[in-house]
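The values are calculated or read from the model by the stated rules, or taken from the named source; none is laboratory data. Just so you know, these numbers come straight off a predicted model, no measurement behind them. Positions of Cβ are backbone-derived with ideal geometry, glycine not excepted, and every protein chain shown enters the neighbour counts. What goes into the accessible areas is simple: the full protein's heavy atoms, side chains included, and nothing from ligands, DNA or RNA. Shrake-Rupley method; radii C 1.70, N 1.55, O 1.52, S 1.80 Å.
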Amino acid sequence: MEKSIQLNKNDLITYPIAEIFHSIQGEGAWTGVSAFFIRLAGCNVGCPWCDQKESWKHKTFPKYSSKTLAIEAHKANASIIVITGGEPLMYNLFPLTNALQNLGMQVHLETSGSYPFSGNFDWITLSPKPFKIPHESIYDKASELKVIVANQKDFDWAEEQKNKTNSQSINFLQPEWNSDISSSLIYNYIRKHPEWRISLQTHKFLGIR
Ligand code: SF4
(Lines give C-alpha, C1' and ligand atoms only; values in the text may rest on other atoms or scores of the structure.)
Protein backbone atom coordinates (compact mmCIF):
# COMPACT_ATOMS: atom_id res chain seq x y z
CA MET A 1 0.00 0.00 0.00
CA GLU A 2 1.33 3.48 -0.85
CA LYS A 3 2.42 5.46 2.21
CA SER A 4 0.20 8.47 2.93
CA ILE A 5 1.82 11.90 2.78
CA GLN A 6 1.70 13.53 6.23
CA LEU A 7 3.92 16.56 6.72
CA ASN A 8 4.65 19.06 9.52
CA LYS A 9 5.54 22.75 9.89
CA ASN A 10 9.25 22.17 9.17
CA ASP A 11 8.21 20.98 5.74
CA LEU A 12 7.46 24.62 4.86
CA ILE A 13 11.15 25.57 5.14
CA THR A 14 12.45 26.46 1.69
CA TYR A 15 15.67 25.88 -0.25
CA PRO A 16 17.00 27.47 -3.46
CA ILE A 17 16.82 24.79 -6.11
CA ALA A 18 18.92 24.71 -9.27
CA GLU A 19 17.10 21.64 -10.62
CA ILE A 20 15.35 18.42 -9.71
CA PHE A 21 15.39 15.45 -12.04
CA HIS A 22 15.10 11.67 -12.20
CA SER A 23 18.08 9.86 -13.70
CA ILE A 24 20.66 7.18 -12.85
CA GLN A 25 23.39 7.67 -10.30
CA GLY A 26 26.50 7.88 -12.45
CA GLU A 27 29.29 7.91 -9.86
CA GLY A 28 30.64 6.06 -6.84
CA ALA A 29 29.35 2.97 -5.05
CA TRP A 30 25.72 3.48 -6.16
CA THR A 31 26.53 3.74 -9.86
CA GLY A 32 23.69 2.48 -12.04
CA VAL A 33 20.87 2.92 -9.54
CA SER A 34 17.64 4.80 -10.31
CA ALA A 35 18.06 8.15 -8.54
CA PHE A 36 16.05 11.33 -8.05
CA PHE A 37 18.38 14.33 -7.76
CA ILE A 38 17.70 17.48 -5.76
CA ARG A 39 20.35 20.01 -6.73
CA LEU A 40 20.52 22.87 -4.24
CA ALA A 41 21.81 26.17 -5.57
CA GLY A 42 24.71 28.04 -3.99
CA CYS A 43 28.41 27.21 -3.71
CA ASN A 44 31.52 29.23 -2.88
CA VAL A 45 34.12 26.46 -3.07
CA GLY A 46 35.28 27.64 -6.50
CA CYS A 47 36.61 24.49 -8.19
CA PRO A 48 38.10 25.66 -11.51
CA TRP A 49 36.79 22.56 -13.33
CA CYS A 50 33.29 22.69 -11.81
CA ASP A 51 30.60 21.46 -14.23
CA GLN A 52 27.83 23.17 -12.22
CA LYS A 53 29.05 26.77 -12.23
CA GLU A 54 25.57 27.98 -13.13
CA SER A 55 24.39 26.76 -9.72
CA TRP A 56 26.83 28.89 -7.69
CA LYS A 57 24.58 31.99 -7.29
CA HIS A 58 21.71 30.85 -5.10
CA LYS A 59 19.78 34.14 -5.36
CA THR A 60 18.95 33.55 -9.00
CA PHE A 61 17.04 30.32 -8.33
CA PRO A 62 13.48 29.65 -7.14
CA LYS A 63 12.86 28.37 -3.63
CA TYR A 64 10.98 25.15 -2.97
CA SER A 65 9.68 23.91 0.37
CA SER A 66 10.71 20.60 1.89
CA LYS A 67 7.12 19.54 1.42
CA THR A 68 7.13 20.23 -2.32
CA LEU A 69 10.48 18.52 -2.78
CA ALA A 70 9.39 15.47 -0.79
CA ILE A 71 6.21 15.11 -2.85
CA GLU A 72 8.10 15.45 -6.16
CA ALA A 73 10.74 12.95 -5.04
CA HIS A 74 8.08 10.51 -3.86
CA LYS A 75 6.30 10.67 -7.22
CA ALA A 76 9.50 9.69 -9.05
CA ASN A 77 9.56 6.26 -7.34
CA ALA A 78 13.38 6.14 -7.60
CA SER A 79 15.55 3.81 -5.50
CA ILE A 80 17.45 6.66 -3.88
CA ILE A 81 17.14 10.42 -3.43
CA VAL A 82 20.42 12.31 -3.93
CA ILE A 83 20.80 15.76 -2.40
CA THR A 84 23.58 17.48 -4.29
CA GLY A 85 24.66 20.95 -5.37
CA GLY A 86 26.13 23.41 -5.41
CA GLU A 87 27.13 22.80 -1.84
CA PRO A 88 24.09 21.43 0.06
CA LEU A 89 25.62 21.84 3.53
CA MET A 90 25.38 25.61 3.16
CA TYR A 91 21.82 24.96 4.43
CA ASN A 92 20.27 23.22 7.41
CA LEU A 93 19.33 19.91 5.82
CA PHE A 94 17.37 18.44 8.76
CA PRO A 95 13.94 19.67 7.55
CA LEU A 96 14.49 18.39 4.00
CA THR A 97 15.94 15.01 4.95
CA ASN A 98 13.27 14.46 7.60
CA ALA A 99 10.53 15.21 5.07
CA LEU A 100 12.03 12.73 2.62
CA GLN A 101 12.65 9.99 5.17
CA ASN A 102 9.18 10.41 6.65
CA LEU A 103 7.89 9.21 3.30
CA GLY A 104 10.15 6.16 3.46
CA MET A 105 12.76 7.34 0.97
CA GLN A 106 16.47 6.47 1.09
CA VAL A 107 18.37 9.76 1.20
CA HIS A 108 21.94 10.30 0.02
CA LEU A 109 24.17 13.38 0.24
CA GLU A 110 26.93 14.56 -2.09
CA THR A 111 29.06 17.24 -0.45
CA SER A 112 32.48 18.87 -0.43
CA GLY A 113 32.11 18.95 3.36
CA SER A 114 33.10 22.59 3.50
CA TYR A 115 30.29 23.56 5.91
CA PRO A 116 29.20 22.02 9.23
CA PHE A 117 27.19 18.83 8.86
CA SER A 118 23.39 18.74 9.16
CA GLY A 119 20.63 16.29 8.21
CA ASN A 120 19.81 12.59 8.48
CA PHE A 121 21.23 10.49 5.68
CA ASP A 122 21.43 6.86 4.64
CA TRP A 123 24.60 7.44 2.60
CA ILE A 124 27.11 10.28 2.50
CA THR A 125 29.54 10.95 -0.32
CA LEU A 126 32.39 13.23 0.72
CA SER A 127 34.16 14.82 -2.23
CA PRO A 128 36.65 17.16 -0.56
CA LYS A 129 38.15 20.05 -2.48
CA PRO A 130 41.51 21.72 -1.71
CA PHE A 131 40.00 25.09 -2.66
CA LYS A 132 37.88 25.11 0.54
CA ILE A 133 38.88 22.37 2.94
CA PRO A 134 36.22 20.27 4.71
CA HIS A 135 34.79 21.00 8.13
CA GLU A 136 36.00 18.40 10.65
CA SER A 137 32.40 17.28 11.33
CA ILE A 138 32.17 15.34 8.05
CA TYR A 139 35.05 12.87 8.30
CA ASP A 140 33.39 10.47 10.74
CA LYS A 141 30.17 10.43 8.76
CA ALA A 142 31.36 9.73 5.21
CA SER A 143 30.20 6.44 3.65
CA GLU A 144 32.45 6.98 0.65
CA LEU A 145 35.31 9.32 -0.13
CA LYS A 146 35.55 10.52 -3.72
CA VAL A 147 38.58 12.58 -4.70
CA ILE A 148 38.81 14.24 -8.11
CA VAL A 149 42.21 13.84 -9.74
CA ALA A 150 43.32 16.34 -12.34
CA ASN A 151 47.08 16.00 -11.91
CA GLN A 152 49.78 14.13 -9.99
CA LYS A 153 49.74 16.37 -6.92
CA ASP A 154 46.09 15.52 -6.29
CA PHE A 155 47.18 12.10 -5.00
CA ASP A 156 48.84 13.81 -2.01
CA TRP A 157 45.54 15.56 -1.30
CA ALA A 158 43.68 12.26 -1.70
CA GLU A 159 45.92 10.45 0.79
CA GLU A 160 45.65 13.29 3.28
CA GLN A 161 41.87 13.17 3.06
CA LYS A 162 41.75 9.36 3.33
CA ASN A 163 43.82 9.52 6.52
CA LYS A 164 41.24 11.88 8.06
CA THR A 165 38.19 9.88 6.96
CA ASN A 166 36.73 7.00 9.00
CA SER A 167 38.06 3.53 8.18
CA GLN A 168 34.67 2.20 6.98
CA SER A 169 34.55 4.63 4.06
CA ILE A 170 35.01 3.31 0.51
CA ASN A 171 37.79 5.26 -1.23
CA PHE A 172 37.36 6.42 -4.83
CA LEU A 173 39.57 8.35 -7.20
CA GLN A 174 37.65 9.97 -10.03
CA PRO A 175 39.20 11.45 -13.20
CA GLU A 176 38.55 15.11 -13.89
CA TRP A 177 36.35 14.89 -16.98
CA ASN A 178 38.26 17.38 -19.14
CA SER A 179 41.73 16.12 -18.25
CA ASP A 180 43.60 14.08 -20.85
CA ILE A 181 45.93 12.51 -18.31
CA SER A 182 43.98 11.84 -15.11
CA SER A 183 42.53 8.45 -16.15
CA SER A 184 45.96 6.99 -16.87
CA LEU A 185 47.37 8.56 -13.69
CA ILE A 186 44.62 6.88 -11.66
CA TYR A 187 45.10 3.57 -13.48
CA ASN A 188 48.77 3.50 -12.54
CA TYR A 189 48.12 4.74 -9.00
CA ILE A 190 45.49 2.14 -8.09
CA ARG A 191 47.68 -0.72 -9.27
CA LYS A 192 50.19 0.39 -6.64
CA HIS A 193 47.61 1.46 -4.02
CA PRO A 194 44.83 -1.19 -3.95
CA GLU A 195 42.95 0.51 -1.13
CA TRP A 196 41.59 2.89 -3.79
CA ARG A 197 38.97 2.26 -6.48
CA ILE A 198 38.19 4.23 -9.61
CA SER A 199 34.87 6.07 -10.03
CA LEU A 200 33.83 7.09 -13.54
CA GLN A 201 31.16 9.63 -14.47
CA THR A 202 29.12 7.08 -16.39
CA HIS A 203 26.24 9.51 -16.90
CA LYS A 204 28.56 11.63 -19.05
CA PHE A 205 29.54 8.62 -21.16
CA LEU A 206 25.82 7.92 -21.61
CA GLY A 207 25.05 11.55 -22.47
CA ILE A 208 22.52 11.88 -19.64
CA ARG A 209 22.35 14.15 -16.59
S1 SF4 B 1 32.11 22.02 -4.65
FE2 SF4 B 1 30.95 21.13 -6.37
S3 SF4 B 1 29.48 22.73 -7.03
FE4 SF4 B 1 31.03 23.73 -5.71
S5 SF4 B 1 32.56 24.53 -7.15
FE6 SF4 B 1 33.30 22.50 -6.51
S7 SF4 B 1 32.47 21.05 -8.02
FE8 SF4 B 1 31.33 23.00 -8.26
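Structural remarks
- For segment 9-206, the residue among Trp56, Ser179, Ala29 whose Cα projects farthest onto the positive side of the dipole built from Cβ charges is Trp56.
- In this structure Thr125 has an accessible area near 10 Å², from a 1.4 Å probe over the protein heavy atoms.
- Cleavage-rule hits (trypsin sites (Lys or Arg not before Pro)) in segment 1-91: DSSP loop, at most 15 neighbouring Cβ within 10 angstrom: Lys3, Lys57
- Once exposed loop GluC sites (Glu not before Pro) are cut out (DSSP; at most 14 other Cβ, 10 Å), longest piece of the chain: 3-194
- Counted without the sites themselves, the longest stretch of the chain free of chymotrypsin sites (Phe, Trp or Tyr not before Pro) in a DSSP loop having at most 16 other beta carbon atoms within 10 Å is 50-130.
- Ligands, DNA and RNA left out, the 1.4 Å accessible surface of segment 9-206 is 52% carbon and sulfur atoms.
- Pair Asp140, Arg191: separation of 7 Å Cα→Cβ label points (nm): 4.0
- Dividing the summed helix terms, -39500 (n - 2.57) for each DSSP H run of n ≥ 4, by the number of residues in the chain produces a 222 nm estimate of -6500 deg cm²/dmol to the nearest 500.
- Rg then Dmax, both in Å and based on the Cα atoms of the chain: 16.9, 53.
- For Asp51, the solvent-accessible surface with a 1.4 Å probe is about 80 Å², rounded to the nearest 10.
- Selected from Ser114, Ser184, Ser169 as most flexible by GNM, with the chain as the system and alpha-carbon contacts under 10 Å: Ser184
- In the context of the full set of protein chains, residues of segment 9-206 present 46 Å² of accessible surface per residue (probe radius 1.4 Å, heavy atoms only).
- The HN-Hα couplings worked out from phi for segment 44-56 by the Karplus form 6.51 cos²θ - 1.76 cosθ + 1.60 (θ = phi - 60°) are 10, 6, x, 5, x, 9, 4, 9, 10, 4, 5, 8, 5 Hz, whole numbers, x standing for Gly and Pro.
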